[in-house]
Structure formats: C-alpha cells, structure tokens
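Remarks on the structure that follows.
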Amino acid sequence: MKDKQYFEDKLSWKSVEIVETQGNLFIEQLQIQPLFLNLSFKLKGQSGKNDGGFFVFNILTNVLGSALANVDEAPLSLSGVQLANVFDEQQDIIGRLVKKYTDEGIKQVYKILGSIDILGNPVGLFNNISTGVVDLFEKPMHGFNQGPLEGGVGIVLGAGSLLKNTVSGTFNSLNKVTGSLAGGLSSLTMVNFI
C-alpha cells in the first residue's frame, strides 16, 4: 500500500494542469506560402424604394456606387513568410505578421484601383498586351532553337499573339467602360438591364 502511494506521489505531475501564461513562445519552424488572388466584385444597385430622407441623394449614390465599385480580376499577391527559431511573445509575433500583410495589402491598392471597370480595367489591358509582347519574343526564340523553319513559324505565332492580345485587351477595356456606364444609367432610370 505504501508503494502505491509513493508511485502516485511521483506521478502526480501528470495530472497537474499547466496554467497558460503570456510568456514567450518558441517557434522552431513556421512557413506560410505565398498567396495569389484575382479579386472580382460587382455592386448591384438597390431598387428605387424611398426609405425617407433624401430620395435623390440615395439614387445618385446608387448610380455612382454601381458605376465605380465594379472590379474585375485585380491581381493581388502576398509573399510568403518563413520563421525559424523565433523566441518572442505571442502578441509580438502575431503583430509582426499582421503588419507585414497589412503593408503588402496597402501597397497593392493600385491594382484594385487599376482594375475598376469604369476606367476600362487598365491593369487587365496591360496584362493582355504584355502577354502578347512576351510571346512576340519568346515564340521565335524557341522556334529558332529547333531550326530556321520553326523560327519562322515562331515569328508568325508571336506576332499573331501580340495582335490577338492587343485587340482583345482593347475591346475588353471598352466593354468594361460602356458596361459600367450602362449599369449606372440603368440604376438612374431604375431599370435593371444587367
């Protein structure tokens, strides 16, 4: 009986609850992968019901909101994080991560503003044209590595890609501008065509 009590006393540490403290935290390895997003959203105008107050002001804010708040495929990218052998307070580590991603998000606001439909989505236009320019140089290089006939085919394919991407990017931008204007006008007339 005495031996049983002795062993229970020796093993009592297993049943003791460890109190959570606000002390330091050791992270041997933390890796957060890069994040790539294409952000799109479209604001639909509300119906023209009168909630009291300034009816005309509500209509104008609906028109402006539906015309200005449409974003199409804004390319956002947040870099990854790798922490190794970090010993610091939990709040400080979380604070540094939040600050890093907040700063990166603020630096990429221009991509969201550049993807607004009323402006013609200039970021999308630039991406289309830059894809065509890259193809104009890469396709002939890959072709000439295989032979002169393949190089000629690469020139034709690269020029065709540049033409196709330039035309499609331009018409896509015009479509975004006219679609935003049409959405704003339909909100103004309280008829929803879109």
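Quick rundown of the values:
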{"item": "Meets criteria (modelled with pLDDT of 90 or more and either within 30 Å of Ser186 (Cβ to Cβ) or of a type in the set (S, T, N, Q) (or both)) for Gln33", "result": "yes"}
{"item": "Answer residue from region 118-148, given it is part of a helix (DSSP H, G or I) and closer than 18 Å to Ser180 by Cβ and is modelled with the highest pLDDT among those", "result": "Leu125"}
{"item": "Any pair with Cβ under 9 angstrom, 6 or more apart, that starts in region 61-82 at a residue that is at pLDDT 80 or above and crowded, with 18+ Cβ neighbours inside 10 Å and ends at one that is in a helix (DSSP H, G or I) and charged (D, E, K, R)", "result": "Ala74/Lys111"}
{"item": "From Glu150, Glu89, residue being exposed (fewer than 13 other Cβ atoms within 10 Å of the Cβ) and acidic (Asp, Glu)", "result": "Glu89"}
{"item": "Top-ranked residue in region 155-179 [being among the hydrophobic types (A, V, I, L, M, F, W, C) and more than 12 Å from Phe137 (Cα to Cα); ranked as modelled with the lowest pLDDT]", "result": "Val177"}
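The values are calculated or read from the model by the stated rules, or taken from the named source; none is laboratory data. Small disclaimer: the values here were computed from a predicted structure and weren't measured. No Cβ is skipped: glycine too gets one built from the backbone with ideal geometry, and neighbour counts run over all protein chains shown.
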